[in-house]
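Structure record follows, encoded as structure tokens.
Computed from the coordinates by the stated procedures, all read-outs in this text should not be read as laboratory data. From a predicted model like this one, the values you see are computed outputs, not experimental measurements. Using ideal geometry, Cβ is built from the backbone for each residue, glycine included, and neighbour counts are taken over all protein chains shown.
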Amino acid sequence: MSAAPIRFSGMLAIYQAEMARTVRTLWQSVATPVVTTALYFVVFGGAIGSRMQQVGGVEYGSFIVPGLIMLSLLGQSVSNASIAIYFPKFTGTIFEILSAPVSYGEAVVGYVGAAASKSVMIGLIILATATLCVPVRIMHPAWMVAFLLLTSIAFSLFGFIIGIWAKNFEQLAIIPSLVITPLTFLGGAFYSIDMLPPVWRTVSLFNPVVYLVSGFRWSFYGAGDVSVEVSLAATLFFILACLGVLKWIFRTGYRLKA
Amino acid sequence: MSPIVTVRGVRKAYDSGLVALHSIDLEIAKGEIFALLGPNGAGKTTLISIICGTVTMTSGSVSIDGHDAAMEFRAARSKVGLVPQEIAVDIFQTVWNTVTFSRRLFGRPTNPAYVESLLRDLSLWDKRKSRIIELSGGMKRRVMIAKALSHEPDVLFLDEPTAGVDVTLRKDMWEVIRRLKDRGVTVILTTHYIEEAEAMADRVGVIDKGRIVLVDQKAAMMQRLGKRQLTLALAEPMTSLPPGLAGWPLELEEDGQRLTYRFDASAATTGIQELLRLVDSLGIAFSDLDTKKSSLEEIFVGLLEHAA
């Protein structure tokens, strides 16, 4: 009686519904990261930065721009994607997604794609805010966009996993505050890891955020803590690791299906 | 006619060791209204959740209109609509948006004319621009039905459609279900209200403790398992049965004011005629008589007692 379902219709429906949710809460979505970033510029750029020397030939205020964008990008990606999937689990509306003729891959593209899109938009807004505060130049715009995209995707995938894993709101909040925030603060957003004592430098190399910030900063000023190839490889590795975990989740139905 | 839903050997065991379903076999014919009747915790919701893909099965197979629910999940699921027991809907969305979202999620091209007729049918048209949070509980339930029907499914699953619903809305729901049947939609509903199964269903499956105890046409089930009774309101109360009536399955009720005769409805001869003649010849006067067949409820309770 009924025809075969239109391919990718469900995936697009999820993506658009998620983007509509973003638009509905546009004010909170955009205001918070912009205000937070402006505060960082006042404190680190203005108050402290004026007493600091240049880092790698770049004014301190400008030096922290890529790191600050990353800081928001990671936090936003994780919280957007985790809430996007946690909320349907919490309210029970997930039944509709699970019973729809939509594959797990399509659902991930819908949810993670929307979360990453929102992060990229916020990253670009923060970049625009930054250019109003300090001089910013972008040496490799294509790479800048590539790192923006890949990082948003990587951490939206990570957030999606957390949203599936979380059984309550406390668990949903604990990973961003206990893992993401420390990693980003120790990830070289506000300093070059060359400034650290050798031991902590070595420890820092185990922090995946170092590679993201470094690669991103390289796309702005042509210099980073590690080579851009290593940054790119680390980012791609992180994405693959998240996809691996998701594959396992979907195979077992872990915390999605009884 | 080939069945639209086929369930074969479906078993569900949880890690805790609890077995929710023991090897269920079930076939649902195209266009029928099938009621899955059973007490709370019998496995009704688990079974329909497995058919709809929201719960994994331990073993067995499900096919919808010839499409295996696991191997050909797109074809199978696009034919199915599910209204869960709990109201679960994004409460910040408008009625129109949530229904069109469901339609697209299930792979159908947008069709405002269809969505309009659906919302009108469910008396939701005036509320189409309202956010769901603003609606009453009954309206929210209608929204759940509209979402499940948004992609024009061939099979609709209703899990406890009228649990916690007032009488008016319950009657409305039944009317909606009847109209769906007229359009050729197969409806499978779970319920623990016998009244609902009795009023709606063509066939009834009784499920208890994860096993299907019996599946039969409702009418046949009532005939096969139902008892009829004849009650005579006596003009003069009796303290005991007169010896002339010995051997008849009779009972004196209400302090000897009523004489009740229970008989098999499907038996060739019911014995009513002989009994009345006998009563007359014994000079027992009665002021009224009443016959009644047992309800599905009584059948159901009898079945469960028998199974236990």
Per q in 0.13, 0.16, 0.23 1/Å, what log10 I(q)/I(0) does a Debye calculation on the alpha-carbon atoms of the stretch B:140-256 return? -0.69, -0.85, -1.35
Neighbour-count order for A:Thr129, B:Thr56, A:Thr235, B:Thr110, fewest beta carbons within 10 angstrom listed first: B:Thr110, B:Thr56, A:Thr129, A:Thr235
Taking the Cα centre of the protein assembly as shown as origin, work out the dipole magnitude from +1 charges on Lys and Arg Cβ and -1 charges on Asp and Glu Cβ, in debye rounded to 20. 1980
Taking the C-alpha atoms of chain A, how large are the radius of gyration and the largest Cα-Cα span, Dmax, in Å? 19.2, 74
Roughly speaking, what is the centre-to-centre gap between the stretch B:226-280 and the stretch A:195-218 when only Cα atoms are used, to the nearest Å? 94
Taking trypsin sites (Lys or Arg not before Pro) in a DSSP loop with at most 12 other Cβ atoms within 10 angstrom as exposed, one finds the longest site-free stretch of chain B at B:1-128
If you average the alpha carbon positions of the stretch B:38-86 and of the stretch A:99-119, how far apart do those two centres end up, in angstrom? 23
For the stretch A:118-215, report the % of Cα-Cα distances exceeding 17 Å. 63
Treating the Cα atoms of the stretch B:65-112 as identical point scatterers in vacuum, please give the log10 of the normalised Debye intensity I(q)/I(0) at q = 0.16, 0.17, 0.19 Å⁻¹, two decimals. -0.58, -0.64, -0.76
For the protein assembly as shown, what is the Kirkwood estimate of the hydrodynamic radius, computed as the reciprocal of the mean inverse distance between distinct Cα atoms, to one decimal in Å? 28.0
For chain B, average projected area of the Cα convex hull in nm²: 20.7
Percent antiparallel among DSSP beta bridges with both residues in the protein assembly as shown, to the nearest 5? 70
Within a Cβ distance under 12 Å of A:Asn80, other residues only, what is the Lys/Arg minus Asp/Glu net charge? +1
With the calculation restricted to Cα positions, what are the radius of gyration and Dmax of the stretch A:212-258 in angstrom? 16.0, 51
Semi-axes, largest first, in whole Å: what does sqrt of 5 times each Cα gyration tensor eigenvalue give for the stretch B:40-144? 28, 18, 10
Qualifying trypsin sites (Lys or Arg not before Pro) in the stretch A:1-71, DSSP loop, other Cβ atoms within 10 Å at most 14: A:Arg7
Going toward the positive end of the dipole of the stretch A:1-142, with +1 on Lys and Arg Cβ and -1 on Asp and Glu Cβ, which of A:Gly46, A:Ser117, A:Thr129 do you reach last? A:Gly46
Taking the square root of 5 times each eigenvalue of the Cα gyration tensor, what semi-axes in Å does the equivalent ellipsoid of the stretch A:60-139 have, largest first? 35, 12, 8
DSSP-assigned coil residues among GluC sites (Glu not before Pro) in the stretch B:26-114, each with at most 10 further Cβ atoms within 10 Å: none
Value of Rg to Rh for the stretch A:34-99 (Rh from inverse mean 1/r over Cα pairs, i.e. Kirkwood): 1.31
MRE, 222 nm, helices only [DSSP H, n ≥ 4, -39500 (n - 2.57), over chain B, to nearest 500]: -9500 deg cm²/dmol
How much net charge surrounds A:Gly56 when only the other residues with a Cβ under 12 Å from the Cβ of A:Gly56 are counted, with Lys and Arg +1 and Asp and Glu -1? -2
For B:Leu21, what residues show an amide H to amide H distance below 5 Å, using hydrogens built from the backbone and excluding near sequence neighbours? B:Lys12
From the cross-link list B:Lys79/B:Lys127; A:Lys118/B:Lys147; A:Lys257/B:Lys12, which pairs have alpha carbons spaced over 18 Å apart? B:Lys79/B:Lys127; A:Lys118/B:Lys147
P(r) for the stretch A:1-144, please, calculated from all Cα pair distances in 10 Å bins and given in %. 11, 33, 26, 17, 10, 3, 1, 0
